[in-house]
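Inspection log for the structure reproduced underneath, given as structure tokens.
The values are calculated or read from the model by the stated rules, or taken from the named source; none is laboratory data. Keep in mind it's a predicted model, so treat the numbers as computed, not measured. Here the Cβ positions follow ideal geometry from the backbone for every residue, glycine too, while neighbour counts run over all protein chains shown. Heavy atoms of the whole protein, side chains included, go into the accessibility calculation; ligands, DNA and RNA do not. Shrake-Rupley method; radii C 1.70, N 1.55, O 1.52, S 1.80 Å.
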Amino acid sequence: MTNTGNIQQVSADRRIALLSGLPSFETLESGVLGQVALAFKEACFLSGSAIVEESQIGDKMYLIESGTVRVSARGATGEVLLGEMGEGEIFGEIALLSDTKRRRATVTAIDEVRVLTLDVSDFERLASEFPEVRVDLAAAADALMYARLHALMLAKQNASH
């Protein structure tokens with residue numbers, strides 16, 4: 001469930017601070033980073049809400065401003081917990097970068113979660129203006145995919161023992 005009625009504006013300074021802490025954006029010049037930060041919209045999700053669901057078509061990425069989420073995926077023996085994420089972490093970027101745009105995991109709010117979102121059209125516009133945005137985000141997404149795949153493989157091994 002998305003609650004957008006009581007969202008306070010996240011300041012430009014806060015947005016820039018969150019983005020500059022991410023490997024995908026830390027190398028951007030401050031002027032570029034400011035433009036990227038302003039492209040993000042705000043949303044809030046209540047505890048227990050599925051923010052994204054595995055296999056659905058993704059149309060945006062998320063940067064957690066506050067709160068904690070649970071990341072899970074379907075494995076051979078059922079749902080596999082891939083981890084938790086919190087303030088300053090991103091998810092959903094893989095759907096923006098892949099050809100299929102399919103979500104690779106389900107992300108659920110553990111408590112109330114405030115996020116900044118970047119939709120695919122804004123991402124494509126920024127990536128065409130600043131190609132380094134796509135390159136840096138793709139490198140970060142590759143590392144994240146490797147970690148998630150590793151977690152799924154471990155879960156499969158543990159289930160077979």
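Here is how the numbers come out for the structure above:
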{"quantity": "Checklist (1) β-branched (Val, Ile, Thr); (2) more than 15 Å from the chain's Cα centre (by Cα); (3) closer than 18 Å to residue 135 by Cβ applied to residue 94, failing item", "calculated": "(2)"}
{"quantity": "Residue tally, condition touching a strand residue (DSSP E or B) at 6+ places or on another chain (Cβ under 7 Å), farther than 19 Å from residue 105 by Cβ and open to solvent by less than 80 Å² (accessible area, probe 1.4 Å), over segment 20-51", "calculated": "5"}
{"quantity": "Test result for residue 95, over 19 Å from residue 25 (Cα atoms) and aliphatic (A, V, I, L, M)", "calculated": "no"}
{"quantity": "Within segment 17-33, tally of residues that are modelled with pLDDT of 85 or more and within 19 Å of residue 113 (Cα to Cα)", "calculated": "4"}
{"quantity": "Only listed residue being among the acidic types (Asp, Glu), surrounded by 14 or more Cβ atoms within 10 Å (Cβ to Cβ), on the phi < 0 side of the Ramachandran plot and modelled with pLDDT under 80, chosen from 136, 142, 119", "calculated": "136"}
{"quantity": "Scope segment 52-65; condition small (Gly, Ala, Ser) and open to solvent by 40 Å² or more (accessible area, probe 1.4 Å); matching residues", "calculated": "55"}
{"quantity": "Members of segment 34-61 found to be of a type in the set (Ser, Thr, Tyr), closer than 20 Å to residue 103 by Cα and at pLDDT 95 or above, listed by number", "calculated": "49"}
{"quantity": "Residue that is farthest from residue 14 (Cα to Cα), among those in segment 63-82 that are at pLDDT 95 or above and of a type outside the set (A, V, I, L, M)", "calculated": "70"}
{"quantity": "Lone unmet requirement of (1) in contact (Cβ under 8 Å) with a residue 24 or more places away in the chain; (2) part of a strand (DSSP E or B) for residue 74", "calculated": "(1)"}
{"quantity": "Residues (farther than 10 Å from residue 60 by Cβ and assigned to a strand (DSSP E or B)) located in segment 91-115", "calculated": "91, 102, 106, 107, 108, 109, 113, 114"}
